[in-house]
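What follows is one structure encoded as structure tokens, with my remarks underneath.
The values are calculated or read from the model by the stated rules, or taken from the named source; none is laboratory data. If you're wondering where the values come from, they're calculated on a predicted model, not measured in any experiment. Every residue, glycine among them, receives a Cβ derived from its backbone with ideal geometry; neighbour counts consider all protein chains shown. Protein only, heavy atoms only, side chains kept; ligands, DNA and RNA dropped before computing areas. Shrake-Rupley method; radii C 1.70, N 1.55, O 1.52, S 1.80 Å.
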Amino acid sequence: MGEISLPFMRPYVDEETIAGVVDVLRSGWITTGPQNARFEAALSEYCGRLVRTFNSGTCTMEIALRIAGIGPGDEVITTPLSWVSTSNVICKVGATPVFVDIDPVTRNLDLDKIEPAITPYTRAIIPVHLAGMPIDLEQLYALAFTHRLRVVEDAAQALGSSWKGQRIGACGDFVSFSFHANKNITSIEGGALVMNHDAEVRLAEKYRLQGITRTGFDGMECDVLGGKYNLTDVAARVGLGSLAHLDEITAKRRALARAYFTYFADSTAIAAGIELPLADFTNSNWHMFQIVLPLEQLTINRATFMAQMKERHIETGAHYPPIHLFKLYRERGFHPGIFPCAERIGQAIVTLPLFPQMTLADVWRVVQAVNEIIRRHQK
Ligand SMILES: *Cc1c(COP(=O)(O)O)cnc(C)c1O
């Protein structure tokens with residue numbers, strides 16, 4: 001059993017979906033068409049709001065910022081602990097990213113630290129529901145309302161999560177999902193934007209395809225500078241097949257996360273100071289199960305820890321290096337020491353395997369491996 005290699009993520013695509021993709025390929029219409037329309041309708045129904053699809057979760061956020069009219073001279077507040085896409089889109093539209101440190105328990109933006117970062121130029125907040133753990137939506141939207149800020153929720157990891165009984169995507173301002181292969185549901189690559197107004201939807205459709213509007217049989221106008229961000233029907237068919245299993249996938253992930261907590265209880269790793277994620281089994285969709293290593297108690301660094309897990313045929317990930325310490329951002333004036341929580345966690349966090357095809361025995365094996373490595377390398 002120890003020989004079987006355990007990845008940290010694995011896309012779930014069932015046989016019915018594979019057969020559905022073959023049908024799309026044989027249908028004569030393989031790019032954006034009827035499957036995409038079905039996928040948009042299913043997502044709109046799930047969220048109870050207006051949803052349009054795109055070919056990534058990154059362009060989805062960029063387009064939300066463009067719809068909000070955010071650009072040069074504007075500031076957008078976000079977290080330094082996310083996939084770099086979250087803040088790259090702010091730079092991409094010509095606005096200025098303003099980072100605010102994270103809360104070490106939820107690992108999301110620390111909402112209590114946002115107000116001091118607001119200036120007359122602040123136009124929006126991009127919070128991230130990291131690992132599927134939602135940010136406090138009441139506090140977030142109260143802040144946004146008081147300071148008249150737009151919100152683009154980076155919910156790339158949060159489809160299936162909820163906040164106090166309400167699905168992520170069901171309320172709020174812009175909500176952006178990603179269907180990248182590693183997310184809880186996938187269209188291989190893809191994204192979706194949830195909106196409130198028809199006018200926003202019309203603009204989203206323009207930005208998605210060269211800024212054009214068609215009328216009648218031969219009418220065409222181009223009045224905004226759009227791009228090429230449409231989702232193919234092959235991808236949409238994969239997404240539809242995946243979305244059909246969302247509840248099952250979320251339930252399975254929650255059960256596996258619970259097992260991690262049970263198996264880690266009273267372990268060597270906990271005694272050595274490993275930090276587990278917040279034990280939330282109602283809001284989070286458990287997109288990732290991430291531990292923070294007590295590096296000051298160990299004789300090895302994170303890379304060696306990950307290599308030793310790999311020797312035991314267990315793959316792990318490092319999500320994410322703090323964004324403000326990347327060269328592109330250091331060149332914009334950010335430097336080490338300014339966001340101590342994000343820096344400490346970003347440098348010591350490890351993503352353990354968690355995907356719906358995993359078994360409880362797999363979770364047990366991962367926890368034993370962590371304990372063994374920690375025991376061997378404790379100071
Ligand atoms: C995956 C991800 C994105 C980007 O989504 P893509 O579809 O890969 O462009 C953005 N933010 C977060 C937090 C993500 O996990």
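With a 1.4 Å probe and all protein chains left in place, how much of the accessible area of the chain comes from carbon and sulfur atoms, in whole percent?
Numbers: 9090 of 16190 Å².
Here it works out to 56 percent.
Tell me whether the stretch 201-287 comes out rounded, prolate or oblate; compute the Cα gyration tensor, take square roots of the eigenvalues as a ≥ b ≥ c, and use a/c under 1.5 as the rounded threshold. Write down the numbers at each step before the final one.
Numbers: a/c = 4.94, a/b = 2.95, b/c = 1.68.
It comes out prolate by the Cα gyration axes.
Per residue of the chain, what 222 nm ellipticity follows from adding -39500 (n - 2.57) for every DSSP H run with n ≥ 4, rounded to the nearest 500? Mind dumping the intermediate values first?
On the way: 13 runs with 140 residues, N = 379.
Theoretical 222 nm ellipticity from helices: -11000 deg cm²/dmol.
State the volume of the convex hull built on the alpha-carbon positions of the stretch 246-376, expressed per residue in Å³ and rounded to an integer. Can you show the working numbers first?
Values: hull volume 16.8 nm³, N = 131.
Once divided by residue count, the hull of the stretch 246-376 is 128 Å³.
Which residue, G57, G219, G273, tops the fluctuation ranking in a GNM of the chain built on C-alpha contacts under 10 Å?
G219
Over the chain, how many pairs of lysines fall under 26 Å by alpha carbon, counting only those 8 or more apart in sequence or from different chains?
Qualifying lysine pairs in the chain: 15.
Cβ under 13 Å from I126's Cβ, I126 left aside: what net charge do those residues give with Lys, Arg +1 and Asp, Glu -1?
On the way: positive: K92, R123, R150; negative: E62, D74, E75, E153, D154, D173.
In short, -3.
Of F54, T31, S44, whose Cα points farthest to the positive end of the dipole of the stretch 24-98 (charges on the beta-carbon: +1 Lys, Arg; -1 Asp, Glu; origin at the Cα centre)?
T31
Hey, what did the stretch 246-376 get for relative contact order, percent, Cα under 8 Å, at least 6 apart? It would help to have the intermediate numbers written out before the result.
Details: 148 pairs, mean separation 47.1, N = 131.
The value is 36 percent.
Would any residue of the stretch 226-264 have its amide N under 15 Å from a label point 7 Å out along Cα→Cβ of E45? List them or say none.
240-247
Indicate the gyration tensor shape class of the stretch 310-360 (rounded, prolate or oblate), computed on the Cα atoms with a ≥ b ≥ c the square roots of the eigenvalues: a/c under 1.5 is rounded; otherwise a/b larger than b/c is prolate and the rest oblate. Provide the component values of the computation, followed by the final result.
On the way: a/c = 3.17, a/b = 2.92, b/c = 1.09.
It comes out prolate by the Cα gyration axes.
Using protein chains only and a probe of 1.4 angstrom, how many square angstrom of T31 are accessible, to the nearest 10?
It works out to around 60 Å².
Can you grab the distance from the C-alpha centre of the stretch 23-88 to the C-alpha centre of the stretch 305-347, Å, no decimals?
27
Starting from the Cα-Cα distance between E16 and R332, subtract it from 0.36 nm times their residue separation and give me the gain in nm to one decimal. Write down the numbers at each step before the final one.
Details: separation 316, 0.36 × 316 = 113.76 nm, distance 4.85 nm.
Fully extending the segment from E16 to R332 adds 108.9 nm.
When the dipole is taken about the Cα centre of the stretch 246-376, and only Lys, Arg (+1) and Asp, Glu (-1) are charged at their Cβ, what size is it in debye, to the nearest 20? Mind dumping the intermediate values first?
Working: 14 positive and 12 negative charges, 48 e Å.
Dipole magnitude for the stretch 246-376 comes out near 240 debye.
Expressed as a rounded percentage, what relative contact order does the chain have, with Cα pairs under 8 Å and six or more residues apart?
With pairs under 8 Å counted, the relative contact order is 23 percent.
What's the local net charge at E372, with K and R +1, D and E -1, over the other residues with C-beta under 15 Å away? Don't jump to the answer; show the numbers that get you there.
Working: positive: K310, R312, R365, R375, R376; negative: E311.
It works out to a net charge of +4.
Around A348, under 10 Å between beta carbons, what's the net of Lys plus Arg minus Asp minus Glu among the other residues?
Details: positive: R302, R344; negative: E275, E296, E343.
Net of charged neighbours comes to -1.
Quote the charge dipole size of the chain about the Cα centre in Debye, to the nearest 20; the model charges only the Cβ of Lys and Arg (+1) and of Asp and Glu (-1).
Details: 36 positive and 40 negative charges, 111 e Å.
Approximately 540 debye in magnitude.
Keeping all protein chains in place, calculate the accessible area per residue for the stretch 111-262 (probe 1.4 angstrom), answer in Å². Walk me through the numbers before you get to the answer.
On the way: 6550 Å² over 152 residues.
I get 43 Å² per residue for the stretch 111-262.
Taking all pairs of different Cα atoms in the chain, averaging 1/r and flipping that mean, what Kirkwood radius in angstroms comes out?
On the way: mean 1/r = 0.0462 Å⁻¹.
With all distinct Cα pairs of the chain included, I get 21.7 Å.
Take every DSSP beta bridge whose two residues both sit in the chain, then give the antiparallel share in percent to the nearest 5.
Details: 24 of 39 bridges.
Looking only at bridges with both residues in the chain, the antiparallel portion is about 60 percent.
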